[in-house]
There are 2 protein chains.
Amino acid sequence: MNDSLHLTLEEVHALAFEALAANGFSAAQARAIADTVTAAERDLCTSHGLFRIAFYVNALNNPDVDPTAVPVVSELAPAVVHVDGRFGFAPLALEMGAAPLVEKARAQGIAALCLNNIYHIAALWPELERVAEQGLAAFAFTAALPYMAPAGGTRPLYGTNPMAFAWPRKDHPPLVFDQASSVTARGEIQIHLRDGKPIPVGWAIGPDGEPTTDPETALKGAQLPFGGHKGAAIALMVELLAGALVGDLFSYEAAAKDTGTGAPLGGEFLIAIDPGRCVRDGDREKQLAHAEQLLQKIGEQEGTRLPSDRRYAARKRTPTEGIRIPRTLHQTLVAYTRES
Amino acid sequence: MNDSLHLTLEEVHALAFEALAANGFSAAQARAIADTVTAAERDLCTSHGLFRIAFYVNALNNPDVDPTAVPVVSELAPAVVHVDGRFGFAPLALEMGAAPLVEKARAQGIAALCLNNIYHIAALWPELERVAEQGLAAFAFTAALPYMAPAGGTRPLYGTNPMAFAWPRKDHPPLVFDQASSVTARGEIQIHLRDGKPIPVGWAIGPDGEPTTDPETALKGAQLPFGGHKGAAIALMVELLAGALVGDLFSYEAAAKDTGTGAPLGGEFLIAIDPGRCVRDGDREKQLAHAEQLLQKIGEQEGTRLPSDRRYAARKRTPTEGIRIPRTLHQTLVAYTRES
């Protein structure tokens, strides 16, 4: 345990906030990012936890990024909210859009949130969980940088474009899945490269379009979608929703604007639906109880688990037990707080 | 060519309509189904063409099915339309819901269509194409009968639950994908059984939960989702949307109500979004032109094609050239028209 360090979740938040604030992030941007990072550590999603602070700070090497941006919320239609992120990061923009999205979904039955000009390097489940905790079903879509080839193609064009979905539960955190359109996260390939290990067949193709198990060749080539052309269709859908629909960049356009920081500029699209407005009797309790019957049927089969089960299991422990992070990561973050 | 027969699309429609009308379908139900079946033949989607008329007629062996049902349209919320299919078939209910859905999406920016009490044994692309032709992006979700196991499980619970998406195009039919959550259609396994051929590894597991290449064992076991747990998550999402959200049956509940006809009773959920209401300048032309840039980039890569390309290529020929159907199928349909 000498190479790792114990932190409470409060310490995680303070460390994240201070590292960002010391690097020119406004208090509002830093706090929103620290919330997201802390939520990830709480759920033991390490790759989206404190590890990611360096990505945010590094993104400032792109002169277009504004760590003090104040997002602007407006209405585009009775059921459509707009947030202009003003070239800041996603967490604050998403937080500011959530309440009007929820309000509109309740009033109209279904509503959308269109975000522009944000740098999104977090998971999508935090924004969906926030909406679903208000009793709504919800979707989120965002593009990324071009790492995947279109179906039948060989050159990168689509991002690893995640699609996320949330369903509200009674007396339980929402069911949420948040899945990339690619077979695997890019970081997994990078870890194989670092460790000198081959990657499984099916993860990627090389620049020649042929399947490869060499991580270096894979990173120069293109990642593959999950489920072949079906996953590629989902990646295409995400490009259209988070790009053309909300009037923002496709992954390949985000790449053209990136200065090598790996933080893509772009849009995000969310949908929120009020179950109580989708049935004639308006009995939302009955709908949620019905859903629980399905979830119970799943649980009756040995070996199953729900998409968010693992995160929620972690969440039961970490608020009291805290978490551990690598000592080297802690040193990096502490150095950030002194570097301002 | 002696075992096949040439038909114009007009003849396809008339044959479908007459076979249904002679079996007790109302003119409205028969015409709506014939439209869907003809659209499938036009696009050379043979499995959803005239071949399917027997499924509709066979469904009448279930006494709950009403082939003369008159769907009832109502409003559940400013952005939510409801159609009660009254235990008739999906095509007429979907047709009647389309105009109010489009109207609401234009007025509110985004809108939903919740359908109940329909028997859905068609593809989803016809209903999405109708909405996207009005310039809207759209989703559709429907459950089926329990043929797939949940992630990690071994017993059937989810349907092969399709999710479909459409994007409007200028001077071109919409881009549409309509894909089951399973690796392959159930019919493909049945065809392998008929032909005495093994199925590929990865399509299904047997009742013992082990991978199988025997089609008979596969049909007794469970089909597998595309992309492993990611496809299973999509199947779960579809159950929640077309079941709990719209207050209708899950796939396993539909099975309990099916009398062996294979036509599942249940719900469907559609979302329509007006791109012009999702951007500040309201310039929909610019959005569609932007999307075309992405589609062009895809086309620049050799070997690619868009999800609906094959159907649209067929559609250019069949209205003048007509289509061919097996003579045995024609005989079956002609017999139907005399059986009333």
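The values are calculated or read from the model by the stated rules, or taken from the named source; none is laboratory data. In this text the structure is predicted, and so the values were computed from the model without any measurement. All Cβ positions, even for glycine, are placed from backbone atoms using ideal geometry, and neighbour counts span all protein chains on display. Accessible surface areas use protein heavy atoms only, side chains included; no ligands, DNA or RNA. Shrake-Rupley method; radii C 1.70, N 1.55, O 1.52, S 1.80 Å.
Points to keep in mind about this one:
- Scan of the stretch B:183-229 for residues that are surrounded by fewer than 16 Cβ atoms within 10 Å (Cβ to Cβ) and basic (Lys, Arg), ordered by number: B:Arg194, B:Lys197, B:Lys220
- Any hit, the stretch A:129-137, residues being outside any loop (DSSP other than H, G, I, E, B) and of a type in the set (D, E, K, R): yes
- Meets criteria (of a type in the set (A, V, I, L, M, F, W, C), at the interface with another protein chain (Cβ under 10 Å from one of its Cβ atoms) and in contact (Cβ under 8 Å) with a residue 12 or more places away in the chain) for A:Val183: yes
- Annotation note: Cβ proximity below 6 Å between a residue of the stretch B:257-277 that is polar (S, T, N, Q) and a residue that is part of a loop (DSSP other than H, G, I, E, B) (sequence gap 6+ or interchain) occurs for B:Thr259/B:Asn62; B:Thr261/B:Asn61; B:Thr261/B:Asn62.
- The one condition in (1) touching an Asp or Glu at 6+ places or on another chain (Cβ under 7 Å); (2) assigned to a helix (DSSP H, G or I) that A:Gly267 fails to fulfil: (2)
- Here the stretch B:295-311 is the region considered, the condition is being open to solvent by less than 20 Å² (accessible area, probe 1.4 Å) and part of a helix (DSSP H, G or I), and the residue that is nearest to the other protein chains (Cβ to nearest Cβ) is B:Ile298.
- The listed residue being touching a Gly at 6+ places or on another chain (Cβ under 9 Å) and either under 20 Å from A:Asp43 (Cα atoms) or part of a strand (DSSP E or B) (or both), out of A:Pro168, A:Pro156, A:Pro146: A:Pro168
- Residue check: B:Trp167 meets all listed conditions (1) surrounded by fewer than 23 Cβ atoms within 10 Å (Cβ to Cβ); (2) among the hydrophobic types (A, V, I, L, M, F, W, C); (3) more than 12 Å from the chain's Cα centre (by Cα) but one, namely (1).
- Scanning the stretch A:224-246 for residues that are in a strand (DSSP E or B) and modelled with pLDDT of 95 or more turns up at least one hit.
- The number of residues in the stretch A:72-101 being away from chain B (no Cβ under 14 Å) and not small (Gly, Ala, Ser) comes to 7.
- Checklist (1) farther than 26 Å from A:Ala232 by Cβ; (2) surrounded by fewer than 24 Cβ atoms within 10 Å (Cβ to Cβ); (3) aliphatic (A, V, I, L, M) applied to A:Leu145, failing item: (1)
- In the condition set (1) open to solvent by less than 40 Å² (accessible area, probe 1.4 Å); (2) within 14 Å of another protein chain (Cβ to nearest Cβ); (3) within 30 Å of B:Thr38 (Cα to Cα); (4) touching a Lys or Arg at 6+ places or on another chain (Cβ under 8 Å), B:Glu292 is compliant with all but (1).
- Filter result (away from chain A (no Cβ under 11 Å), open to solvent by 10 Å² or more (accessible area, probe 1.4 Å) and of a type in the set (A, V, I, L, M, F, W, C)) within the stretch B:232-272: B:Ala255, B:Ala256, B:Leu265
- Test: A:Thr160 is under 24 Å from A:Ala32 (Cβ atoms) and in contact with a Phe, Trp or Tyr (Cβ under 6 Å, 6 or more places away or on another chain): yes
- Complete set of residues in the stretch B:102-160 that are among the basic types (Lys, Arg) and more than 11 Å from every other protein chain (Cβ to nearest Cβ): B:Arg130
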